[in-house]
Amino acid sequence: MWVNDTLNVNEKGHLTIGGVDCTELAKEYGTPLYVMDEDVIVQACRSYKKSFEKYYNGKGLPLFASKAFCCKEMYRILAQEGLGADVVSGGELYTALSVGFPAENLHLHGNNKKPEEVKLALQNGVGKIVIDNFPELEMVDQIAAKLNKTAHISIRVKPGVDAHTHDFIKTGKIDSKFGFALETGEAFKAVEQALLCKNLVLDELHCHIGSQILDTEPFVTTAEIMLDFIYEIQTKFNYKITQLNLGGGFGINYKQEDNRPPFDSYMEAVSAALQAKASALNIVVPYIFIEPGRSIVGESGINLYTIGAIKEIPGIRTYVSVDGSMADNIRPALYGAEYTVVNATQAANSADFKATISGKTCETDTLQENTLIAKPAVGDILAFLSTGAYTQSMASNYNRTPRPPVIMVKDGKTRVVVKGETYEDLLKLDV
Ligand code: LLP
């Protein structure tokens, strides 16, 4: 009935998540509220791990893309499930290390890493530094030398694959700020230089073609291109690269019609392609990393809001104003992102009322335009579904809005995993 099957409707006609009534959650913790169902996160982690075992002899590791949702509890869950993580900043790295996350399962990304971030990574023994550009190659080599360490690196390659997704989150094409282009020979030069660096060991090639991709075909094409490149490197330099990171990007259901493939279909398709290609080229089947972010946490989350005002503009539209905004979810404003919206208080009623959901910041922050919900009343709780990825992690304090708490639901019980900010917190850093 809903975009994910852990959401339900109880005897009161209220929406439930992990067996907990959303209107009760709103009452207990207030709104706006981020709610995440832990079982959905755990199931996603396990389904990726299982798919490696089933299709690829377990020769690989999923790394959660921290940017999708980053807090201490998330790293605890990942560690418990045996996943690694990619981090793209000193802040994400610091958060992971703060709970004793195994550093060797952390890979550091970024198109403009600061020396202090690289230092933090090397001092703590992160598993891999993914090199994005030429100055960085030199910088990492020098820092490693100074620290008397060897840095295990990966080279980020733009494979030139055009993924069918929003322009802002396409990253594999030649006109992207990330990585070295394959077509121009830049990636080849990067490998050549990396092999000359005394303090670096080139273990891996990396690529990431985009995000919210709903078919497996671009991933298969990418995997094949990357193997061709590994083969070329082996032939020209007599150097074997044994690890391949295929990035993240697997799409989720925001709307029913997204109809995403099951998560394990990705490894099914890619494994077959990799094994066939490696055997045709007579090279080693590489150890695989993938970096799913959205697909691990996205469908686990919902955002809850309280309706404060309803304004009908006859013949034009009805604005339903909620107590959240672009401060807690920037995605509609930034990408025109679409969500399924449910009137959680009237979830048993048919969704036949056309509403434009607007936020409370001092600008036209439409959270969803002309969406169908059950007839709303002031005080009803609205739920946005599939908000677990890139909402809390991209939240801001615009209009001096305190960021909402994150509640984790498990076995009908709830716990706070990130506290909500208070007005006092907003003043904390002001001088
Ligand atoms: N690996 C790399 C190198 C990436 O750049 C990304 C996402 C991922 C993995 C994870 O991709 P995922 O599996 O989550 O699709 N803020 C945007 C998404 C930006 C994604 C950037 N890179 C959004 O809200 O849709």
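Restricting attention to helices (runs of 4 or more DSSP H) lying wholly within the range 212-300, give those where 1 or more residues are touching a Cys at 6+ places or on another chain (Cβ under 8 Å) and polar (S, T, N, Q).
On the way: elements: 217-237, 264-281, 294-297.
Per the criteria, 217-237.
Residue-by-condition table, conditions (1) at pLDDT 95 or above; (2) crowded, with 18+ Cβ neighbours inside 10 Å:
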site	(1), (2)
Asn349	yes, no
Cys362	no, no
Gly388	yes, yes
Tyr398	yes, no
Pro404	yes, yes
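Looking only at the range 200-222, filter to residues that are open to solvent by less than 10 Å² (accessible area, probe 1.4 Å) and either in contact with a Pro (Cβ under 7 Å, 6 or more places away or on another chain) or under 16 Å from Ile241 (Cβ atoms) (or both); which one of those is farthest from the ligand (Cβ to nearest atom)? If we take residues in the range 200-222 being open to solvent by less than 10 Å² (accessible area, probe 1.4 Å) and either in contact with a Pro (Cβ under 7 Å, 6 or more places away or on another chain) or under 16 Å from Ile241 (Cβ atoms) (or both), then Leu202 is farthest from the ligand (Cβ to nearest atom).
Of all residues in the range 361-390, those satisfying the criterion of being touching a Gly at 6+ places or on another chain (Cβ under 7 Å) and part of a loop (DSSP other than H, G, I, E, B) are Asp365, Val378, Ser386, Thr387, Gly388, Ala389. Residues in the range 330-347 that are surrounded by fewer than 22 Cβ atoms within 10 Å (Cβ to Cβ) and of a type in the set (A, V, I, L, M, F, W, C): Ile330, Ala333, Leu334, Ala337. Among the residues of the range 133-148, at least one is under 24 Å from the mean Cα position of the chain (by Cα), open to solvent by 10 Å² or more (accessible area, probe 1.4 Å), modelled with pLDDT of 95 or more and of a type outside the set (A, V, I, L, M, F, W, C). The single residue among Pro102, Pro115 that is away from the ligand (no atom under 15 Å from the Cβ), in the same structural domain as Lys149 (by TED's automatic domain parsing) and out of contact with any Cys (no Cβ under 8 Å at 6 or more places or on another chain) turns out to be Pro115. Applying the condition of being surrounded by 16 or more Cβ atoms within 10 Å (Cβ to Cβ) and of a type in the set (Phe, Trp, Tyr) to the range 223-240 and asking which residue is farthest from the ligand (Cβ to nearest atom) yields Tyr231. Which one of these does Lys177 not meet: (1) open to solvent by less than 30 Å² (accessible area, probe 1.4 Å); (2) within 15 Å of the ligand (Cβ to nearest atom)? For Lys177, the failing item is (1).
The values are calculated or read from the model by the stated rules, or taken from the named source; none is laboratory data. It should be emphasised that the depicted structure is a prediction, and the values quoted were computed from it without experimental measurement. Glycine gets a Cβ as well: all are built from the backbone with ideal geometry, and neighbour counts include every protein chain shown. Just so you know, the surface numbers come from the protein's heavy atoms only, side chains and all, with ligands and any DNA or RNA stripped out. Shrake-Rupley method; radii C 1.70, N 1.55, O 1.52, S 1.80 Å.
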